[in-house]
Amino acid sequence: MRYDLVVRSRRAVLPDGTRAAAVAVSGPAIAAIDGYLAPVEADRDIDLGDLALLPGLVDTHVHVNEPGRTEWEGFATATRAAAAGGVTTICDMPLNSVPPTVSVAALREKRTAAAGKCWVDVAFWGGAVPGNEESLLPLHEAGVVGFKCFLLDSGVPEFPPLDGPGLRSALGSLAATDSVLIVHAEDAAEIKAASGRDFGSFVASRPPVAERRAIEKVISAAAATGARAHIVHLSAAECVAMIAGAKAAGIRLSAETCPHYLYFAAEQVPDGATEFKCCPPIRDAVNREALWRGLEAGVIDCLVSDHSPCPPELKSFGSGDFGAAWGGIASLQLGLSAVWTAARRRGRTLDDVARWMAAAPAALAGLPAKGRLAVGGDADLVAFDPDEAYVVDPARLEHRHPVTPYAGRTLTGRVRQTWLRGTALLGADSRAPDGEPVGRLLKRG
Ligand SMILES: [Zn+2]
C-alpha cells in the first residue's frame, strides 16, 4: 500500500506514550502507525528526527467574535494564529459575536460568516441564556458541541446570565442528550467594583470565594439533574478540592484552566498592565502552584486558551484602568509554548501536554476524530521542537491585534509545521499559511 504522506519522528506522542514511530496518512486520515524506520512507502516521506510529533491541539475556548465584532478578531485571523500555534481545531464561543449563538438561525449566520475563511477546523458552542430554552435541543441537533452560560454579567448585553433556577432548568433540558453545559462560574454577590491602575486591587475585587460560590451552584445543579457540567477557566485553586469531591461522588463535572493562570503570577503584573486583565483574574504564585497540582492530579481536565481579544483601545483606554479595560487575554498562537515552558520545568512530559491540550478537550467537545495520533483519526499533526527557545515578538502574531501579555517573554518549544487532515499549513520559517483556507466547519459527532 502506498500512502499520501508519512511523517517519522523519534518522539511521536501517541496515546500510549512517546516513542519512535512513523505515522502514515491516506487522504485526510491516519491510516497506519508503524516503527520509525519501517519501509512505509508514501508520496511524501518526512523525517522529523528528534523533533516531536504531537497530535494537533484542540482549543475548546476561543472567542472569534465574527460576525458583529469582527474588528476584535475574526475567523481568518484566529485560525491563522491557531495553525501557527499547533492548534488544528477550535471551538468558537457563542458570545461576543452579534448575534450570539443562541438560536439555530444565529448558528446558521455564524457558519455562513466562517465559511471559506478557516485555516483549521472550527466547531461551535451554543449559548444558554434566559428565554432560549426551546432553542437548546434544536441547536444540539444542528451540531453544536455543547452550551455555554454565565452566572454573572458576561460583559456584553446580548448574552445575559442565567440565575439559579435558569441554570438548573438548562441542565435539566440537556440531561437526556449527553450535551455539556460549560459555565463561567463567578458569583456577582462576591465581586466588588474595581477601578484604577493597581492590579492587586483588581485581583482583590474578584476573590476566590466568588468562584467557590458559583461552582457550588453548578455542582448542586449537576447533581440534581444528572447532566454534564464543565467549569471554564478555573483560576481559584481552592476550588480544586471541591471539584475533586464532586467527581468522586459521581457528579458529571469537568474543569479547564488556561495557560495564563499557569504561567503568570499576580505579583509579576505591573500596575496599569491591562493586557493581563481577564476574569477570573490571574492570582498569586501560591495559587498557581496549587492549580498545577490540580491539573497534575487529573482534577482539572483540560488546558485551553480562552483567547478573547479586542481592539487595543478597549484593552487599555490609554489609561491602564483595570476597571474600564476589556477582560480577555489573547494567546491562541502561544498557548502550547507557554504551557510547555512551565511544564518541562516541573518535569512534565509532552504526553501530559497532549492529554491536557488535545485529547481531553476533544473528549469534552465530543470530537472523536480529533486530539490523538490514532489510526482512523484525522491526520492533524504538529512538528514541535521542544528545545528551541524564542522571544515572543508581537509582529509575528497572527491574531488580529498583537496585544498579549506574553510579548517579550522567552518561551521554550516552537511549532515548526502543522498538518490539518494531511495538508501542511505552514510556509517557510513556520509562518502562517497563504492561499486557500482548508479548514472545515465541524458538527459534534
Ligand atoms: Zn471565554
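Some points to look at:
- For segment 402-430, filtered to residues that are on the phi > 0 side of the Ramachandran plot and under 20 Å from the mean Cα position of the chain (by Cα), the residue that is surrounded by the fewest Cβ atoms within 10 Å (Cβ to Cβ) is 421.
- Filter pass, residue 404 being at pLDDT below 95 and among the hydroxyl-bearing types (Ser, Thr, Tyr): yes
- Residue selected from segment 112-121 under the condition in contact (Cβ under 8 Å) with a residue 60 or more places away in the chain and either within 16 Å of the ligand (Cβ to nearest atom) or more than 19 Å from the chain's Cα centre (by Cα) (or both), by the criterion surrounded by the most Cβ atoms within 10 Å (Cβ to Cβ): 117
- From the list 363, 389, the one residue that fits, being more than 19 Å from the chain's Cα centre (by Cα) and either over 25 Å from residue 65 (Cβ atoms) or away from the ligand (no atom under 16 Å from the Cβ) (or both), is 389.
- Condition met for residue 37 (farther than 27 Å from residue 114 by Cα and part of a strand (DSSP E or B)): no
- Selected residue (only one of 88, 101 is in contact with a strand residue (DSSP E or B) (Cβ under 6 Å, 6 or more places away or on another chain), surrounded by 24 or more Cβ atoms within 10 Å (Cβ to Cβ), assigned to a strand (DSSP E or B) and polar (S, T, N, Q)): 88
- Summed over segment 315-334, residues that are touching a residue at least 60 places away in the same chain (Cβ under 8 Å) and either among the aliphatic types (A, V, I, L, M) or within 13 Å of the ligand (Cβ to nearest atom) (or both) total 9.
- Picking from residues in segment 40-58 that are of a type outside the set (D, E, K, R) and assigned to a loop (DSSP other than H, G, I, E, B), the one that is farthest from residue 90 (Cα to Cα) is 40.
The values are calculated or read from the model by the stated rules, or taken from the named source; none is laboratory data. No experiment lies behind these values; they were computed from the predicted model shown. For neighbour counting, all protein chains shown are included, and Cβ atoms are generated from backbone atoms with ideal geometry for every residue, glycine included.
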